[in-house]
């Protein structure tokens, strides 16, 4: 009889370990499946960045994520997929999908101005909505078709767990997004800043470097991760 109770106690002690390992294995298989579709999406989120974004969500298990600058949704996709795996949380996808806002701050002869001028952003927007439908992500994503500044009042101070700043890359809009949204992020929350190698993003980068901790292990030459 003692042997039976001993065996039961041993199994009870080690079962959380097996459960944890099984969950991690399930997560890794799910993540690999998600990332196989990453290159098919409109946008510039690399597989490496998408994986890092998913891993952060898996670790933090956020209630509220916010992304400023969505385009075709290549970084909303891994974010919403990670939330779907956890079956909790929501990401706000904020983008006006309007040419005039994309051109703000660029001179007419700037290659970025020329590129944005010829893009059909309404088509990109409809493609983004179709992507959410196809991957059944609507329950985890709220689409807000406006600028980050206009959407600011949707969020209370200290309410955002993970913020992704990837909107207009000219100096004033990028710095404004960083400064105005910083109070909205929880103490201990995280901020992704994209395209830190652009000279016009340097003011936003310096603001965050002065006010938050850079997470070196998940930062690259193209994007930084900060903890508030």
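Worth a mention:
- Per-residue ellipticity at 222 nm, computed for the chain from helices alone with -39500 (n - 2.57) per DSSP H run of at least four residues, works out to -15000 deg cm²/dmol.
- Packing order of peptides 68-81, 119-132, highest average first: 68-81, 119-132 (average count of other Cβ atoms within 10 Å over each peptide's residues).
- Euclidean distance of C-alpha centroids, the range 148-167 and the range 198-228, integer Å: 17 Å
- log10 of Debye I(q)/I(0), alpha-carbon scatterers only, for the range 97-228 at 0.16 Å⁻¹: -0.94
- Taking 0.36 nm per residue of sequence separation and removing the Cα-Cα distance, the residue 133/residue 179 pair yields an extension gain of 13.3 nm.
- Contour excess over end-to-end distance, with Cα ends at residue 157 and residue 115 and 0.36 nm allotted per residue: 11.6 nm
- Angle in degrees between helix 47-60 and the longest Cα principal axis of the chain, rounded to the nearest 10: 50 degrees
- The angle separating the long axis of helix 121-134 from the principal Cα axis of greatest extent in the chain is about 10 degrees.
- Paramagnetic reach from residue 30 (point 7 Å along Cα→Cβ, amide N under 20 Å) across the range 211-228: none
- P(r) of the range 163-228 over all Cα-Cα pairs, binned every 5 Å from zero, in whole percent: 4, 21, 35, 27, 12, 2
Coordinate-derived values only; no laboratory data. Model, not experiment: these values are computed from the prediction. Neighbour counts are summed over all protein chains in view; Cβ atoms, including those assigned to glycine, are modelled from backbone coordinates with ideal geometry.
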